[in-house]
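The next block holds one structure in the form of structure tokens; read it before the comments.
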Amino acid sequence: MAKSVDFNDLFSGEDKLLSIQVLDEAGAQVDISGCTIEWSLRRHPHSTGTPLIAKTTASGITIRTQTGVDKGYFDVRLLAADLAALVGVYHHVALVTDPTANKTVVIGGWATIKKSGI
């Protein structure tokens with residue numbers, strides 16, 4: 001289910017909503033009702049320790065209503081404070097845990113955060 005997605009339109013100090021869709025191997029939308037999701041941003045994929053930004057379904061991630069065009073979607077809310085001190089290229093990943101405790105990385109890639117001119 002994992003796919004590579006790069007976010008190249010982030011700016012330091014901005015609020016940003018990342019909309020991410022979970023698809024199966026055939027490209028069909030996956031119902032993620034009852035799942036928990038973790039999303040993190042690190043300097044590098046092999047970085048250890050605390051992520052620079054960490055979001056969960058308990059704090060910062062919203063699973064959309066799993067019907068129609070919203071099926072498979074979740075949103076990661078990044079606050080201005082999350083991005084305030086970051087400029088550069090970072091690695092992000094999202095892990096979905098289904099109701100039976102199966103864990104799947106559903107997305108990963110690079111996030112380019114540019115310095116805001118304001």
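Highest mean packing comes first when the peptides 68-81, 39-52 are listed by Cβ atoms within 10 Å, giving 68-81, 39-52. Within the shell defined by Cβ-Cβ distances under 15 Å, the residues around L52 carry a net charge of +2, with Lys and Arg each +1 and Asp and Glu each -1.
Label-to-label distance, N102 versus V89, with points set 7 angstrom from Cα along the beta-carbon direction: 3.4 nm.
Normalising the average separation of contacting C-alpha pairs (under 8 angstrom, six or more residues apart) by the number of residues puts the relative contact order of the chain at 40 percent.
What does the net charge come to around D75 if you take all other residues with beta carbon closer than 13 Å to its beta carbon, with K and R at +1 and D and E at -1? Neighbour charge sum, excluding D75 itself: +2. When the Gaussian network model of the chain links Cα atoms closer than 10 Å, the mean-square fluctuations of G60, G108, G27 top out at G27.
Bridging of K16 to lysines at a Cα separation below 24 Å is possible for K3, K55, K71, K114, K115, once same-chain residues fewer than 8 apart are set aside.
Computed from Cα atoms alone, the Kirkwood hydrodynamic radius reported for the chain is 14.7 Å.
Quick note: the coordinates plus some simple rules give every number you see, no bench work behind them. Everything quoted here is computed from the prediction, not taken from an experiment. Cβ: placed from backbone, ideal geometry, glycine included. Neighbour counts: every protein chain shown.
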